[in-house]
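The values are calculated or read from the model by the stated rules, or taken from the named source; none is laboratory data. Just so you know, these numbers come straight off a predicted model, no measurement behind them. Every residue, glycine as well, gets a Cβ built from its backbone with ideal geometry; the counts of neighbours run over all protein chains shown.
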Amino acid sequence: MSRVGVMDLRQLRSFVAVAEELHFSRAADRLHLAQSALSTQVRQLEREIGGPLFVRSTRRVELTPAGEALLPDAQELLSLADAALERARGLVRGQGRSLVIGTLGPAPGGILAPLIARFSARHPEVRVEIRAFDFTDTVDGLRDRQADCAFLYLPIEDPELDVTPLLTELRVVVLPESHRLAGRSELRPEDLRDEVFIEQPASVPQAWRDHWLLVAENGERPRTSPHTADKHEDWLHLIAQGEGIDTAPAVVSRYYAWPEVAYVPLVDAEPCTLAIVRRRNVADPFVDELITLAQQIVAHAANSGTPYSDVARS
């Protein structure tokens, strides 16, 4: 009988990625592998099975009957393996279980505090950790299992992730305090057509960057600074030094009140949407419950006008 080892799980992960993407190049990018390495792992799995899993042509990739039969079992096996790994990591840290929540900057309205309070009241045995993400972690932080779920802003288009939108919020324009537009009561996308924006690392998904660069509103990408920022503090320093401007969720203006930086409300632009994001096909009842609680907190506050901090006690 064949024994499932580390290499076998890698082969299954490669197979599942190709089966879900039906494209070797996209699957390789998704797994951060060279396409040749991905193809090798798929061929090794096919040799183990004794037949092809894909029908390949110059135009398309399709599953064979054997591939179609293997896919749901492979997805379930990988999900179980990932969950077992997470449980083992919690035991190594000396806890029965820990739940790690990633966050890219502050969550609007102070959602995190009441969410953690309500979850911890139900599960005092679970240690809840907060992990601050950099801009480069918008997707990779979850892919690399740095967190079980994360508060992130849309758009997020990734086949490995499930997205649960929570709330929308207006955006602000972030400018140097000395900028000619810093004294305006509000700004519109067309006011920013000739401005230079702060660029972020190449690993940040393009659709996500385009949202903040107002590409849809202005119909084109603006000029960007040659300097990039991985962290919020670096980003604010670049703006304060006059290297460029940017847009951001309005909550940023409340958490990062810098004297060298001005925040001006942005109108006539798509608002930003905060979501809880998790890995797809990874069963975790604690993450399920956390998402449900977050939805309840947001809905309760929206319906009653109750501050989020008070919802924790209701």
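Evaluate the following for ASP144: is it acidic (Asp, Glu), at pLDDT 80 or above and either farther than 30 Å from GLU199 by Cβ or not assigned by TED's automatic domain parsing to the domain that holds GLN200 (or both)?
no
Could you list, in sequence order, the residues of segment 9-55 that are part of a loop (DSSP other than H, G, I, E, B) and farther than 20 Å from ASN281 by Cβ?
ALA34, GLY50, GLY51, PRO52
What are the residues in segment 170-187 that are surrounded by 16 or more Cβ atoms within 10 Å (Cβ to Cβ) and either under 20 Å from the mean Cα position of the chain (by Cα) or within 30 Å of ALA283 (Cβ to Cβ) (or both), if any?
ARG171
Here is a yes/no grid of residues against (1) surrounded by 15 or more Cβ atoms within 10 Å (Cβ to Cβ); (2) among the hydroxyl-bearing types (Ser, Thr, Tyr):
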{"position": "PRO205", "(1), (2)": "yes, no"}
{"position": "ALA216", "(1), (2)": "no, no"}
{"position": "ARG221", "(1), (2)": "no, no"}
{"position": "ALA229", "(1), (2)": "yes, no"}
{"position": "ASP246", "(1), (2)": "yes, no"}
{"position": "SER253", "(1), (2)": "yes, yes"}
{"position": "ALA257", "(1), (2)": "no, no"}
{"position": "LEU274", "(1), (2)": "yes, no"}
{"position": "ALA283", "(1), (2)": "no, no"}
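Condition first: crowded, with 19+ Cβ neighbours inside 10 Å and more than 27 Å from ASP82 (Cα to Cα). Can you find one or more residues in segment 121-137 that meet it?
So far as segment 121-137 goes, no, none of its residues is crowded, with 19+ Cβ neighbours inside 10 Å and more than 27 Å from ASP82 (Cα to Cα).
Could you say whether any residue in segment 232-246 is closer than 30 Å to PRO159 by Cβ, touching a helix residue (DSSP H, G or I) at 6+ places or on another chain (Cβ under 8 Å), modelled with pLDDT of 95 or more and assigned to a strand (DSSP E or B)?
Yes, that holds for at least one residue.
Restricting to segment 148-159, what's the tally of residues that are under 13 Å from PHE286 (Cα atoms) and either surrounded by fewer than 16 Cβ atoms within 10 Å (Cβ to Cβ) or not charged (D, E, K, R) (or both)?
So the count comes out to 1.
Just to be sure, is ALA182 in a loop (DSSP other than H, G, I, E, B) and in contact (Cβ under 8 Å) with a residue 60 or more places away in the chain?
In short, yes.
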